[in-house]
Structure formats: C-alpha cells, structure tokens
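Before any comments, here is the structure.
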Amino acid sequence: MDAVIKPWPKGPLSDKSAQPDKVSDHLRAAPQPLAPRPSRDEAEAAVRVLIAYAGDDPAREGLVDTPKRVVGAYEELYRGYRESAADVLDRTFSEIGTYEDFVLVRDIGFNSHCEHHMMPFIGNAHIAYRPIERVVGLSKLARLVDVYARRLQTQEHLTSQVATAIEEILKPRGVAVMIEAEHMCMSLRGVEKAGSSTVTTQFTGMFRDNPEEQVRFVTLVRAGQR
C-alpha cells in the first residue's frame, strides 16, 4: 500500500485558527492541565498521605518505596493525557481497490479508570467504519482506544470519543463502536457484583441510519466470541 499523509494542518493542534475543519476540542491535541502540574515529590507525598489514611505506616520497610512506584505507574496508566487522537489517525492508505464494505476490528483489549472512584474498568472495544477512498492502519484503531482509555473516564464518554474521532478525522460513510467492560467499582465495592458487564454503543452515518448494518455489525462482533 502507498502511505498517504492526510492534509491535516501542521500548525499547533490546539490552535483553532489553524484548523479549517470543524472538529471537537478533544481531537486537536493532548489535553492541557487546568492547573500547574504537581511535582513528582508532591505526588509521592500525596501517596504517603493515602497510605496513612488507609491505616498503614508509609515508613515501614514494605511501603517505603511504594509512593515512587505508584507515581511511576500513574505515568503509564494515564499516558493518554499526553497523546492526541489526531496524531494517531493522521496517516492513511489509499490503495483499497474496489473495496466497498466496512472494516471491523474486534476484541481490542483495553483498561481504563473510572473517573468517579479511580478504580479500573477492563474490557474490549469493537470498531467498524466504512471508508471512502482511504483506510487507516488497523493498529491505529487500537492506539486510538488507548489514547482515550488511558485517562480518567466513563465508559459512555470513551465510546463517544472513539466514534467521534474516527467520524471527524477520517470522514467515512459511517462508524460503529461497541465497548464491553467490567467495572471494578461495581465488582469490588458497593453492590460487589463480580462478572457483570456493561455494554455501550455509538453509531454514525450508515450504521445509525440503517438498522440492518447495525445488526450485521453486532452479528460479526458476536461471531468472534463463540
């Protein structure tokens, strides 16, 4: 395939004047913090406070290095705050021949953190879109999920952001997104219903307008789960 760089403006993605197309703010660039970012020392001190609040001694041998490890883990778990969906979907391929159907990538594993309790929710995303002239590399769809999943999230918002990113950047004939996940804030606390699954969907274009395409999408997703 011949790689084609989409004519995405090369100015700062956060600069709305540099963007000729109307796109959602969450697509332009990695989000900017609303306040100066705390230092690593301040973050580690906060972890020590939480350990003490839980009832343990942050100075005991097994916990002395825990604040450093927790802050390091945060850098990885929340790396989506330093990434941009527009950058992920910028590179496309033009050689699709006479292909006229949708492209489906199913069972994209992800983990995220609930913005209400900062507890994990873990699951799979299934994404389909019907391209117009160009397609995006399949791994880019998985990376797109991670851009948004690696932030404090709700599953509903995650589903919407993934669908909107594909719709507004690739401009296909339609997008279908289904996300299935188990939420630890429901499994390990509160009602404590382990194994329960939450399903969210969003459809645009041909998938929204044609129920038969929705059914075909769901059927193909479920066929891979047998």
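At-a-glance table
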{"item": "Distance (nanometres) between label positions extended 7 Å along Cα→Cβ at Ala46 and Arg79", "result": "2.1 nm"}
{"item": "Extension gain (nm, one decimal) between Val199 and Leu220, 0.36 nm per residue minus Cα-Cα", "result": "6.0 nm"}
{"item": "Likely footprinting exposure, Val199, Val23, fewest C-beta neighbours within 10 Å first", "result": "Val199, Val23"}
{"item": "Packing rank of 101-110, 67-76, 48-57, where each peptide gets the mean count of other beta carbons within 10 Å, highest leading", "result": "101-110, 67-76, 48-57"}
{"item": "Where Rh is the Kirkwood radius over Cα pairs, Rg/Rh for region 123-226", "result": "1.00"}
{"item": "Extension gain (nm, one decimal) between Arg173 and Ile96, 0.36 nm per residue minus Cα-Cα", "result": "26.2 nm"}
{"item": "Hydrodynamic radius of the chain per Kirkwood, over alpha carbon pairs, in Å", "result": "19.6 Å"}
{"item": "Full-stretch length increase - Asp25, Leu152 - with 0.36 nm per residue and alpha-carbon distance subtracted", "result": "44.0 nm"}
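Quick note: the coordinates plus some simple rules give every number you see, no bench work behind them. These numbers were taken from a predicted model, which means no experiment stands behind them. Please note: Cβ atoms are built from the backbone with ideal geometry, for glycine as well, and neighbour counts cover all protein chains shown.
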